[in-house]
Amino acid sequence: MAVIADQCPHIQVTVVDLNEERISAWNHNDLSRLPVYEPGLDVVVKRSRDRNLHFTTEVDEAIAAADMVFLSVNTPTKQRGVGAGQASDLRWVEASARQVAAAARGHTIVVEKSTLPVRTAEAVKTILQAAEGSGGGSKTFSVLSNPEFLAEGTAIRDLEQPDRVLIGGEDPAAIEALAQLYRAWVPEERILRTNIWSSELSKLTANAFLAQRVSSINGIAALCEATGADVREVARAIGTDSRIGPKFLQAGPGFGGSCFQKDILNLVYLCRHYGLEEVARYWELVVGLNTWQQHRIAQLVVNKLFGTVSGKRLGVLGFAFKADTNDTREAPAIRMCRDLIEEGAQLAIVDPKVEQSQITRDLGCAPLDSDPAAASSYRLLYGDGGWFSALSPLEAARGADAVLILTEWEHYHQLDWNEIAAAMRRPSWLFDARAVADGSAARAAGMNVWRVGEG
């Protein structure tokens, strides 16, 4: 919405949320306090806020005044009931549709922006149509699907220079109205029009295909480690094939974020719903291999450290699921840190953008140095295992047997390995799960080095 406001100064864009604290943060004068960290977002918000970009908790007023409403709510995986663990929880989509149905005035174009299972628009349309004709007979709706194809860390660039804009719908006038908005900065040939069901399914399919590439290259990385090949050389060789291309061929600890796993599991659920068991099992394996990769690397750390990490300090560099974001949803670091804590490791975790409170929520336990009573109770469950925050990679490494790079932050590419090695206990290890560190420099400093996909 910030990019739309920036590119279309003649359009009034109002972002609404029931969370007052979050809206206050969006309105705060200090742009470093925006609720979402995304490179370039603060600049875009600064240009548009209070001009034509507004943030408010007055939901009904904003809906009533709108010609077009974007539904952009969360659609997490269901935790209970039918489809638990795979199907999307659509309670907030339904609640939003009902609120739009009640508060809208005149003709309103309702745009699905959330990642939704195919045929969700049918439910949205049913709710909206039930409200048509109310309020003096002047209330009507059109429903469109307009999924977003962007990546955290490059979201602003992806929005300003999109590969394509996808609009699915049945009402030509509504489709044209939304296309006209994007035409302010997107070339016409990049604006694709489909039926609404194809649009909904395209988003799930895109995420599934990207995640599939990650799992595929990680499977090959494990084979490279066993055979003496180098996955980066293999990736370069196959990436020059125009039929394959070079993107998403970087081996690592697996995919994370809010979309990939959730969307694949939803695809699995849909395939089973329509009786396509073999297709469902295929996509299930993509998620299974991703989880296996994280457990595999954690177990490899234990094995390299003489079969035990109980009571040992390990420095963990990076906790976000990828660089240039503070998002930790489904971050590989979560599963790997839990595995190591369960083995008894004491983790010193550092990340430039992830708050200690978020790590606490993700790991399900407070840091060892925050509450002695809680730490004592935790040790009853996990022995010597636990975690605490570090302010820098050097601090995380101090007294550690190993450091693990789990997020590919740029400054991890140029660490002073002589300084880090001198602060560690010998023999010391670098486990580079992102293959971003200078392995030669670490070896020259006297460290043992493991890099993902390197035999």
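Any read-out appearing in this document is the output of simple, stated calculations on the displayed coordinates, not a laboratory observation. Computed from a predicted model, the values in this text were never measured in an experiment. Counting neighbours? That spans all protein chains shown, and the Cβs are built from the backbone with ideal geometry, glycine included.
One table, with the values for the structure above:
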| quantity | calculated |
| --- | --- |
| Asp432, Asp163 arranged by Cβ crowding within 10 Å, fewest neighbours leading | Asp163, Asp432 |
| Net charge contributed by nearby residues that have their C-beta within less than 11 Å of Leu204 (K/R +1, D/E -1) | 0 |
| Average Cα contact separation per residue, the range 2-203, under 8 Å, 6 or more apart, as relative contact order % | 18 |
| Mean separation of Cα contacts under 8 Å, 6 or more apart, over the residue count of the range 131-179: relative contact order % | 35 |
| Relative contact order computed over the range 289-451 (Cα-Cα under 8 Å; 6+ residues apart), in percent | 23 |
| Added length on full extension, which subtracts the Cα-Cα distance from 0.36 nm per residue, Arg98 to Arg243 | 47.7 nm |
| Projected-area mean, the range 12-132, by convex hull of Cα positions, square nanometres | 8.8 |
| Reciprocal mean inverse distance between Cα atoms of the range 207-296 - Kirkwood radius, Å | 13.8 |
| Eligible lysines near Lys304 by straight Cα distance, threshold 23 Å, same-chain separation 8 or greater | Lys312 |
| Sorted by Cβ neighbour density within 10 Å, fewest at the top, the residues His107, His10 | His10, His107 |
| Net length gained if the chain between Trp185 and Ser198 were fully extended (0.36 nm per residue, minus Cα distance) | 2.2 nm |
| Cα-Cα P(r), the range 2-203, percent of pairs per 5 Å interval | 1, 7, 14, 18, 21, 18, 13, 6, 2, 0 |
| The range 1-44 - Rg (one decimal) and Dmax (whole number), Cα, Å | 11.0, 28 |
| Isotropic mean projected area of the C-alpha convex hull, the range 289-451 (nm²) | 8.4 |
| Positive minus negative residues near Ala345 (Lys, Arg vs Asp, Glu; Cβ under 12 Å) | -2 |
| 38 Å tail of the calculated P(r), the chain, as % of Cα pairs | 31 |
| Size of charge dipole - the range 2-203 - debye, nearest 20, with Cβ of Lys, Arg +1 and Asp, Glu -1, no other charges | 220 |
| Calculated FRET efficiency for the pair Ala444/Asp17, C-beta based, R₀ 56 Å, to 0.05 | 0.65 |
| Net charge of Cβ neighbours under 12 Å - reference Ala65; Lys, Arg +1; Asp, Glu -1 | -3 |
| Likely footprinting exposure, Tyr37, Tyr282, Tyr412, fewest C-beta neighbours within 10 Å first | Tyr282, Tyr37, Tyr412 |
| Value at 222 nm in deg cm²/dmol, rounded to 500, when DSSP H runs of n ≥ 4 in the chain each add -39,500 (n - 2.57) | -13500 deg cm²/dmol |
